[in-house]
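Heads up, the thing below is written out as structure tokens.
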Amino acid sequence: MTTYDYDLFVIGAGSGGVRAGRIAAKHGAKVAVAEEYRVGGTCVIRGCVPKKLLVYASKFAEDFEDAVGFGWTSEKVSFDWATLIENKDKEIDRLNKAYIRNLEGAGAELILERAVLEDRHTVRLASGRKVTAKYILIATGATPFVPRHLPGHQLAITSNEAFHLEKLPSRIVIVGGGYIAVEFAGIFSGLGVETVLLYRGEQILRGFDDDLRNHLAAEMIKKGVELRTETDVTRIDRSGDGVRVTLEGGAAFGAGQIMFATGRIPNVAGLGLEAAGVELTPHHAVKVDDYSRSSVDNIYAVGDVTNRANLTPVAIREGHAFADTVFGGRPTKVDHSLIPTAVFSQPEIGTVGLTEEEARRQVKAVDIYKTSFRPMKNTVSGRDERTLMKLVVDGETDRVLGCHICGPDAGEMAQLLGISLRLGATKADFDATMAVHPTAAEELVTLRDKWQPGR
Ligand code: FAD
């Protein structure tokens, strides 16, 4: 019988890899996990966590303004980017250490080196050492896509660098229309940076419900973000301390910084997947079955590298299911339907289920319930910002198919709505639920009138 150095070798200590390694070790497997940058991966080191800390920081500007209507006066407030970054980094270091402790505490061996496949059972480390494993898990995540054909693309940063800027520019151009672009536009704008968001599509947040997209775009513009859609950058040149950005059609303008948030691509380059015979999808993600198994039966892949639903909780769930399937004697599939998500834009988005457009394609009759209102806090503060709430209902079965919110705490609401939709809640169930008063969420259970087009 062939013997291997490890039962499982995990490449990548991010959300998916850490969970898989930890659970496999708890199931009794001999596990090694390789990481080339920092344990914790994108989410902890340069994704969800630091991003949300920056979102918190950027919201204080409005909180100070709003406080005045409630009777508060304060001395002149000021903001220091260096303090924020230092404190953010301390928290990231704490989390990084906690991840290392959890992994090693479970009995997994951590190898802080880049690892690539040599063949289906052999991994080559950056140091040149080779190790063998019965099973290999690819959990290498994704990396920002940079349009390298663009002259001057080297002058742009991505979200990776945005977390470590030495100082805030006075003006930034963010290219992209996805959730990362929108979130960073809110962060920079809230921190007082003149922010231009450039997107080549018709409207930001493709794939989200159209009402949400339009509502958020309008609110961002009100907050001072300069939103330019249906345009693209054709070149970037250095100009003084900053850059000069040229657009299609020839218009050009200056900015202190330009950031690409133009999507992310699976981290497969140079991984040796071809050598091992691992097939990729047309989008260069690792092709896997429902159990996260690749085309090679002892090699699995989880998380962003498989490009299924690129979110931390999904990577974690896939990593856990993999460990239970292969080492826990419990074959487990991950259900990728009805994933609740948030966009930490300003105002925030929380959403679960089908958009109106998707529902119209999938069921015969769709009923829409929606409301746009001024949240209670804004009455006294005088802030001109509205909340949007929308329910997409199957007109034949009364089942709520989708729920979309843009407003404060929308992400928190989406988490709980996710449970309701998973349980198959109908509009009648929403109506029968007692309201919590006074909250914004009570609107969700008091929406009585179907939306009539043209109203
Ligand atoms: P990752 O967490 O990316 O981990 C992969 C790890 O593998 C990395 O640490 C990498 O260094 C390592 N690696 C790669 N190649 C090798 C190699 N050859 N050898 C050794 N190590 C290697 N998701 C949410 O759910 N909510 C959010 O609010 C959210 N915000 C985000 C904000 C930003 C700016 C970004 C970029 C992402 C955000 N995400 C968010 C997405 C989330 O971070 C990812 O979905 C998640 O981290 C995927 O986990 P993963 O395990 O697949 O990969």
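The values are calculated or read from the model by the stated rules, or taken from the named source; none is laboratory data. Not measured: the values here are computed from a predicted model. Every residue, glycine among them, receives a Cβ derived from its backbone with ideal geometry; neighbour counts consider all protein chains shown. Just so you know, the surface numbers come from the protein's heavy atoms only, side chains and all, with ligands and any DNA or RNA stripped out. Shrake-Rupley method; radii C 1.70, N 1.55, O 1.52, S 1.80 Å.
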Segment 1-41 to segment 103-168: how many Å between their Cα centroids? 14 Å
Heavy-atom accessible area per residue - segment 341-446, 1.4 Å, Å²: 46 Å²
Once Tyr37 and His284 are pulled to full extension, the length gained, defined as 0.36 nm per residue separation minus their Cα-Cα distance, is 86.7 nm
At 1.4 Å probe size, what's the solvent-accessible area of Glu279? Round to the nearest 10 Å². 90 Å²
Between Asp232 and Thr2, what length comes free when the chain is fully extended (0.36 nm per residue of separation minus the Cα-Cα distance, one decimal in nm)? 77.3 nm
Take the alpha-carbon positions of segment 153-262, form their convex hull, and give its projected area averaged over all directions (one quarter of the hull surface) in nm². 6.5 nm²
For the pair His336 and Asp384, how long in nm is the line joining their label points, each one 7 Å along Cα→Cβ? 4.3 nm
Of the residues Gly319, Pro331, Ile349, the Cα lying farthest along the dipole of segment 235-351 towards its positive end, which is defined by charges on the beta carbon of Lys, Arg, Asp and Glu, belongs to Ile349
Length-normalised contact order of segment 296-375 in % [C-alpha pairs under 8 Å, at least 6 apart]: 14 percent
Plugging the Cβ-Cβ distance of Ala365 and Glu442 into 1/(1 + (r/R0)^6) at R0 = 30 Å yields, to the nearest 0.05, a FRET efficiency of 0.65
Given charges at Cβ of Lys, Arg, Asp, Glu: the chain dipole, positive-most of Ser294, Gly256, Asn87: Ser294
Determine how large the accessible area of Leu205 is when every protein chain is in place; take a 1.4 Å probe and give Å² rounded to the nearest 10. 0 Å²
Within the chain, what percent of beta bridges assigned by DSSP are antiparallel, to the nearest 5? 60 percent
Net charge over other residues, Cβ less than 14 angstrom from the Cβ of Met413 (K, R count +1; D, E count -1): -4
With the 1.4 Å probe rolled over protein heavy atoms, segment 153-262 has an accessible area per residue in Å² of 42 Å²
Rg followed by Dmax, in Å, when segment 135-202 is reduced to its Cα trace: 14.3, 50
Which of the lysines could a cross-linker bridge to Lys364, judged by Cα under 29 Å and excluding same-chain residues fewer than eight apart? Lys390, Lys427, Lys450
Using only the heavy atoms of the protein chains and a 1.4 Å probe, how would Phe70, Phe145 rank by accessible area, largest first? Phe70, Phe145
Rounded to the nearest 10, the angle in degrees between the Cα long axis of helix 15-26 and the longest principal axis of the Cα atoms of the chain comes to 50 degrees
Hey, could you pull the Cα Rg and Dmax for the chain, both in Å? 23.8, 77
In whole Hz and in residue order, list the ³J(HN,Hα) couplings for segment 234-245 that follow from phi through the Karplus curve 6.51 cos²θ - 1.76 cosθ + 1.60, θ = phi - 60°; x for Gly and Pro. 10, 7, 10, 10, 6, 8, x, 7, x, 9, 10, 10
Asserting the computed 222 nm helical MRE of the chain (DSSP H runs at least 4 long, -39500 (n - 2.57) per run, divided by residue count, to nearest 500) equals -10000 deg cm²/dmol
Heavy-atom accessible area with a 1.4 angstrom probe orders Arg235, Arg213, most exposed first, as Arg235, Arg213
What is the distance in Å between the Cα centres of segment 46-82 and segment 361-423? 27 Å
Can you give the accessible area of Lys97, probe radius 1.4 Å, in Å² rounded to 10? 120 Å²
Rounded to the nearest 5, what % of DSSP beta bridges with both residues in segment 171-312 are antiparallel? 50 percent
Using the alpha-carbon atoms, what tilt in degrees (0 to 90, nearest 10) does helix 179-190 show relative to the longest principal axis of the chain? 50 degrees
Using alpha carbons only, how many degrees (0 to 90, rounded to 10) separate the axis of helix 48-69 from the longest principal axis of the chain? 20 degrees
Hey, any idea what % of the chain's accessible area is carbon plus sulfur with a 1.4 Å probe? 50 percent
Percent relative contact order of segment 340-433, based on C-alpha pairs within less than 8 angstrom and at least six residues apart? 35 percent
Which order do the peptides 39-52, 17-30 take when ranked by the mean count of other beta-carbon atoms within 10 Å per residue, highest first? 17-30, 39-52
Compute the Rg to Rh ratio over segment 341-446 from the alpha carbon atoms, using the Kirkwood formula for Rh, and round to two decimal places. 0.98
Gly12: net charge of surrounding residues, Cβ under 13 Å, Lys/Arg +1, Asp/Glu -1, itself excluded? -2
